[in-house]
Amino acid sequence: MAEALAGSPFHDRVEYYEALASTSDRVRELLDQLGPEAHFSVVLALEQTSGRGRLGRNWHSDQGKSLTLSVALWPSCGPEHFSAYPVAAALAVRETLKEFGQEASIKWPNDILLGGRKVCGILLEGRFSGESPRGFALGIGLNLGQRREEFPKELRDSATSLLIESGSMPSVELFAGALLPRLGVWLAMVESDSAEVFRSAQSAWAHRPGDLLRLDLGASQIQGCFVAIGGEGELLLETEDGTRALRHGEVVRVRPGGAS
Ligand code: BTN
């Protein structure tokens, strides 16, 4: 791993744990202790006992069979660029999966899919003092080695792992060693050219113009035809009431364009 990281911004900045409640909690501690100096510190755990997912959910992971890591970010770019961070992470994961022979797509806002099922989730959590950002924890959870029956029942239809898709499982160290240098490049690009992050993601989205999507917005649902992902990561949806730009939510149903 040390070799794989030489020359990457994470070189010398990776903490490893056998077990942690959540790697993102440890990143929050680093942000508290170090402030801007924590930027690009990485925390990796072989087991998470209390992993968090998006929308207040738990994140399921299995010891030695899941990659769970978080990166501390203390951006010097403006807030209009922050939504590029999870997309940059998704692109790094996608490139890494390609190295392991897998063609992944990104389901908005930042789930990584293999064969239509979720293999990886990404969570960007911010710490703010008033309006000013006091750092972010960018968490990545990826299913490396679960067999279908090892997922909780409610996830069996929607989740997958690299083992299920490819028949083999790289070690956590091998996958992290391949991912981290790419992650360094893409995360750095958010500060230098966040528009390029979104441009690069354009062909990676799981959605095609004309697909009929239903989104869960928490208190309500909305349905419409996918138009595109906008320059700040917003999902543009053509609805009965016109084009809506959505920044939060979850795609819960997809009907490909042209299907009846
Ligand atoms: C999702 O719900 O799709 C996002 C899942 C993010 C999980 C990762 S695992 C590493 C980091 N630590 C956590 O507690 N959550 C994130």
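Quick notes on this structure:
- Residues in segment 54-83 that are exposed (fewer than 14 other Cβ atoms within 10 Å of the Cβ) and within 17 Å of the chain's Cα centre (by Cα): Leu55, Gly56, Arg57, Asn58.
- Checked across segment 143-150, the condition of being modelled with pLDDT under 95, of a type in the set (Lys, Arg) and not in a helix (DSSP H, G or I) holds for no residue.
- Flag if Leu162 is surrounded by 22 or more Cβ atoms within 10 Å (Cβ to Cβ) and more than 15 Å from the ligand (Cβ to nearest atom): yes
- Within segment 186-204, the set of residues being out of contact with any Cys (no Cβ under 9 Å at 6 or more places or on another chain) and assigned to a helix (DSSP H, G or I) comprises Trp186, Leu187, Ala188, Met189, Asp193, Ala195, Glu196, Val197, Phe198, Arg199, Ser200, Ala201.
- Any hit, segment 66-80, residues being of a type in the set (Phe, Trp, Tyr), within 15 Å of the ligand (Cβ to nearest atom) and either modelled with pLDDT of 95 or more or within 16 Å of Gly184 (Cβ to Cβ) (or both): no
- For segment 112-165, the set of residues classified as within 16 Å of the chain's Cα centre (by Cα) and acidic (Asp, Glu) consists of Glu125 only.
- Among the residues of segment 7-21, none qualifies, meaning not one is within 14 Å of the ligand (Cβ to nearest atom), surrounded by 20 or more Cβ atoms within 10 Å (Cβ to Cβ) and closer than 28 Å to Val197 by Cα.
- Matching residues in segment 84-101 - criterion: being away from the ligand (no atom under 14 Å from the Cβ), open to solvent by less than 30 Å² (accessible area, probe 1.4 Å) and more than 21 Å from Glu15 (Cβ to Cβ): Ala84, Ala88, Leu91, Leu97
- Ala21 being on the phi < 0 side of the Ramachandran plot and over 17 Å from the mean Cα position of the chain (by Cα): yes
- Test set (1) of a type outside the set (A, V, I, L, M); (2) open to solvent by less than 10 Å² (accessible area, probe 1.4 Å); (3) near the ligand (Cβ under 10 Å from one of its atoms) - Pro109 fails condition number: (2)
- Gly230 being farther than 22 Å from Lys118 by Cβ and at pLDDT below 95: yes
- Restricting the first member to segment 112-124 and to residues that are free of Cβ contacts under 8 Å to residues at least 60 places away in the same chain, and the second to residues that are more than 11 Å from the ligand (Cβ to nearest atom) and of a type in the set (Lys, Arg), the beta-carbon pairs closer than 7 Å and six or more apart or on different chains are Ile112/Arg94.
The values are calculated or read from the model by the stated rules, or taken from the named source; none is laboratory data. These numbers were taken from a predicted model, which means no experiment stands behind them. Neighbour counts are summed over all protein chains in view; Cβ atoms, including those assigned to glycine, are modelled from backbone coordinates with ideal geometry. The area values use the complete protein model at the heavy-atom level, side chains included, leaving out ligands, DNA and RNA. Shrake-Rupley method; radii C 1.70, N 1.55, O 1.52, S 1.80 Å.
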